[in-house]
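Since every read-out is calculated from the coordinates, none of them should be taken as a lab result. Fair warning: this is a prediction, and the values are worked out from it, not measured in the lab. For neighbour counting, all protein chains shown are included, and Cβ atoms are generated from backbone atoms with ideal geometry for every residue, glycine included.
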Amino acid sequence: MNSALLSAKEVGCERGGRSLFQPISFGLQPGQALHLQGDNGAGKTTLLRALAGLTPLAMGEVHWRGQACLENRSAFHADLLFLGHALGLKDELTAIENVVLGAAMAAQQLSPAQALTALSAQGLRSRAHLPLRVLSQGQKRRVALARLQSASARLWLLDEPFVALDNDAVLALQALLQAHVAQGGVLVFTSHQPVSLGKQMQSLRLQA
Amino acid sequence: MNIFATLVMRDLRLAFRRKSEVLSGVFFFVVVAALFPLAIGPEPAMLRQIGPGVLWVGALLASMLALPRLLEADYRDGALENMLLSPHPLWLLAAGKIAAHWLLSGLPLVILAPVLGLQFNLSSDALSVLCLTLLLGTPVLSCVGAIGAALTLGVRGGGVLISLLVLPLYVPVLVFGAGAVHALQSGLGAQAHVSILLALLLPALFFSPWACSAALRIALE
């Protein structure tokens, strides 16, 4: 447990005064991924938000690099990339502007040219200059995923990253996640589909 | 500091791509200020008396009209979550949002006020004091309003709640803002009122981003 980058000890979450799942513990070393599973309403999203530091934990502790996450919030958040249900994209801005702004918010310098490269890798080269409101749901998700392409964060927390993607995009995202893990990153994600990222992946089922 | 400018530019760019939202507040101010002389009648002495008050109330309501939109869109599309999870200090981001709000809903009022003040037969001295008080007072409205907007985030019917929460806090600004022009008109000089407005502005600038970021953390739990 000591060499783990991200470790959770007896973590529990509450929603509306009711505890959501049995307390869980896990430790993730560099290059490991965790697939959170559970029925609808089991608390996967709440757990991810709690790991990110958005929602307070009802019990337990989360440590990043051996330090309590909220003790040094800005250092933890510099290492963190969180992608939730809401994508945090602006309908009025173009795809490029969204990617550049998303990077700036994560304290990362990204030129429009680099943003275009990231969007091209998501197959959105021809859509890069369009305002986001004319893109489809799946394309919007790809714009959000373009953030992963250029991110330098070590810890990725992804909530249902495979939703609304077509087959090609699912494969591309899997490759992206595998590359992140291979480079020594840590990944926690939720998904209802079976996902395989090699033997570095653990699964955890949340139970009420 | 860089992210502050980036965020202000982002909000300005967003506003210019949906102009109706910005223009509605400014237009509201113009219409309110134009309706009073029409309703009350063309008596110069009377208009001069009520002018500063009407313009100030109009500015106050116009600034408040834009408050629900300050954070609501960012809350709904998840951009606020990204701000909370940013390595940048949250108070700096909140300050950027507040600055953008003032540039979009406060500064236009300061610029328009002298034109609208002409309808009320205000002298050029009174107009310049009115402008000065608006310049000092409207940032206070944005600062205090932003705290209200952050506290009512995600609450159904939040718009009404903001007005209930924030309007009483606007009263000192209104009293000393309109009072400055009255004081000048009655020959007392506006300096005391302007000093008090400045004294309201400084703590508002200092504490509001901090209070706003604390309220945001609670709202997004």
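Restricting to bridges with both residues inside chain A, how much of the DSSP beta-bridge set is antiparallel, in percent to the nearest 5? Each step should come with its number before you reach the end.
Details: 14 of 32 bridges.
In chain A, DSSP labels about 45 percent of beta bridges as antiparallel.
Is the stretch A:1-160 best put as rounded, prolate or oblate by its Cα gyration tensor, with a ≥ b ≥ c the root eigenvalues, rounded for a/c under 1.5, and otherwise prolate when a/b is larger than b/c, oblate when not? Provide the component values of the computation, followed by the final result.
Values: a/c = 2.44, a/b = 1.74, b/c = 1.40.
It comes out prolate by the Cα gyration axes.
I'd like the antiparallel share, as a percent to the nearest 5, of DSSP beta bridges with both residues in the protein assembly as shown.
45
I'd like the orientation of helix B:191-219 relative to chain B: the angle between its Cα long axis and the longest Cα principal axis, in ° from 0 to 90, rounded to 10.
Roughly 20 degrees between the two axes.
Averaging sequence separations of C-alpha pairs under 8 Å and six or more residues apart, then dividing by the length of chain B, give the relative contact order as a whole percent. Present the calculation step by step, with values, prior to reporting the outcome.
Values: 258 pairs, mean separation 58.9, N = 221.
With pairs under 8 Å counted, the relative contact order is 27 percent.
With just the Cα atoms defining each centre, how far is the stretch B:9-86 from the stretch B:115-156? Give it in Å.
When both Cα centres are located, 9 Å separates them.
Might you report the magnitude of the Cβ-based charge dipole of the protein assembly as shown about its Cα centre, with Lys and Arg at +1 and Asp and Glu at -1, to the nearest 20 debye? Kindly include the intermediate steps, with their values, before the conclusion.
On the way: 29 positive and 22 negative charges, 126 e Å.
Roughly 600 debye, rounded to the nearest 20.
Work from the charge dipole of the protein assembly as shown (Cβ charges, +1 for Lys and Arg, -1 for Asp and Glu, about the Cα centre) and give the residue of B:Ala211, A:Leu57, B:Leu174 farthest towards its positive end.
Positive-end residue among those listed: A:Leu57.
Taking a cut-off of 21 Å, what percent of all Cα-Cα pairs in the stretch A:82-193 are separated by more than that?
Values: 1853 of 6216 pairs.
Result for the distance tail: 30 percent.
Reported to two decimal places, what Rg/Rh ratio describes the protein assembly as shown when computed on Cα atoms with Rh from the Kirkwood expression? Mind showing how you got there, number by number?
Details: Rg = 25.5 Å, Rh = 23.8 Å.
Result: Rg/Rh = 1.07.
Using only the Cα atoms of the stretch A:115-163, construct the convex hull and provide its projected area averaged over every direction, in square nanometres to one decimal. Mind dumping the intermediate values first?
Details: hull surface 14.6 nm².
With every direction weighted equally, the projected area is 3.6 nm².
Pull out a ≥ b ≥ c, the square roots of the eigenvalues of the alpha-carbon gyration tensor of the stretch B:138-221, then state rounded if a/c is under 1.5, prolate if not and a/b is larger than b/c, and oblate in the remaining case. Kindly include the intermediate steps, with their values, before the conclusion.
Working: a/c = 5.52, a/b = 2.18, b/c = 2.54.
It comes out oblate by the Cα gyration axes.
For a quick check of your reading of the filter: which trypsin sites (Lys or Arg not before Pro) in the stretch A:111-170 sit in a DSSP loop and have no more than 12 other Cβ atoms within 10 Å? Don't skip to the answer; put the middle values down first.
On the way: sites: A:Arg125, A:Arg127, A:Arg133, A:Lys140, A:Arg141, A:Arg142, A:Arg147, A:Arg154; in loops: A:Arg154.
Sparse-neighbourhood loop trypsin sites (Lys or Arg not before Pro): none present.
Between the helical axis of A:112-121 and the dominant principal axis of chain A, each derived from Cα atoms, what acute angle in degrees is found, rounded to the nearest 10?
70
Please grab the % of Cα pairs in the stretch B:2-219 that end up more than 28 Å from each other.
29
For helix B:107-117, what angle does its Cα long axis make with the longest principal axis of chain B, in degrees from 0 to 90 and rounded to 10?
Helix B:107-117 sits at roughly 10 degrees to that axis.
Compute from the Cα atoms of the stretch A:143-208 the Rg and the Dmax, the latter being the longest Cα-Cα distance, and quote both in angstrom.
Both quantities, over Cα of the stretch A:143-208: 11.9, 37 Å.
Size of the dipole of chain A about the Cα centre, Lys and Arg at +1 and Asp and Glu at -1 on the beta carbon, nothing else charged, in debye to 20?
Working: 18 positive and 13 negative charges, 26 e Å.
The calculation lands at about 120 debye.
To the nearest 0.05, how large is the calculated FRET efficiency for B:Val115 and A:Asp166 if R₀ is 51 Å and r is the Cβ-Cβ distance? Numbers along the way, then the final one.
Values: r = 55 Å, r/R0 = 1.09.
The pair B:Val115/A:Asp166 has a calculated efficiency of 0.40.
Which of the pairs A:Lys90/B:Lys97; A:Lys9/A:Lys199; A:Lys44/A:Lys199; A:Lys90/B:Lys19 have their Cα atoms more than 18 Å apart in this structure?
Numbers: A:Lys90/B:Lys97 15 Å; A:Lys9/A:Lys199 23 Å; A:Lys44/A:Lys199 22 Å; A:Lys90/B:Lys19 15 Å.
Cα-Cα > 18 Å for A:Lys9/A:Lys199; A:Lys44/A:Lys199; rest within.
Among B:Leu90, A:Leu93, A:Pro112, which residue has its Cα furthest toward the positive end of the charge dipole of the protein assembly as shown, with +1 on Lys/Arg Cβ and -1 on Asp/Glu Cβ?
With unit charges placed on the Cβ atoms, the residue in question is A:Pro112.
Per residue, what volume in Å³ does the Cα convex hull of the stretch B:44-171 take up?
Working: hull volume 12.8 nm³, N = 128.
Roughly 100 Å³ of hull volume per residue.
What translational diffusion coefficient, in µm²/s and rounded to a whole number, does the Stokes-Einstein relation yield for the stretch A:88-152 at 4 °C and a viscosity of 1.567 mPa s, taking the hydrodynamic radius as the Kirkwood radius over Cα pairs? Don't skip to the answer; put the middle values down first.
On the way: Rh = 11.1 Å.
In µm²/s, the coefficient rounds to 116.
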